[in-house]
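Values quoted throughout were computed directly from the atomic coordinates according to the rules given, and no laboratory measurement underlies them. Predicted, not measured: the structure shown is a model, and the values here were computed from it. Heads up, the Cβs are rebuilt from the backbone with ideal geometry, glycines too, and the neighbour counts pull from every protein chain shown.
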Amino acid sequence: MDSEKVLTLIYLVLGAVAGFVSNKFDYLISLGIGIIIYLVSFIIVRKIVKAQKKTSWYVLNSLVTFLLVWLVAWIMLRNL
């Protein structure tokens, strides 16, 4: 599978998990949890994917997916 697809799928799952975990806490703690999950996963996934790309490529392809999925999951779970 292409490295972009793998990166998108990993951050799709991580965003959903972060949204679920964030639902259990207060707003500021949830924001911190989301940021920590992204930063830790960024370091790990960058070594797993092993694509010879610049750091900006990883950030652009992962941050948007993670943030959108995380916020949608968090908001939907918060409003249930």
With -39,500 (n - 2.57) per DSSP H segment of 4 or more residues and division by the full residue count of the chain, the 222 nm estimate, nearest 500 deg cm²/dmol, is -29500 deg cm²/dmol
Ignoring trypsin sites (Lys or Arg not before Pro) buried by more than 12 other Cβ within 10 Å or outside DSSP loops, the longest site-free run in the chain is 55-80
Straight-line reach check, Lys47, cutoff 19 Å on alpha carbons, 8 or more apart in-chain or any other chain, hits among aspartates and glutamates -> Asp2, Glu4
Expected unfolding gain across Ile44-Glu4 under the 0.36 nm per residue rule, minus the alpha-carbon gap, is 12.9 nm
Here the Kirkwood hydrodynamic radius of the range 3-78, Cα-based and in Å, equals 12.4 Å
Highest GNM mean-square fluctuation among Leu14, Leu28, Leu63, for the chain with Cα springs under 10 Å, belongs to Leu28
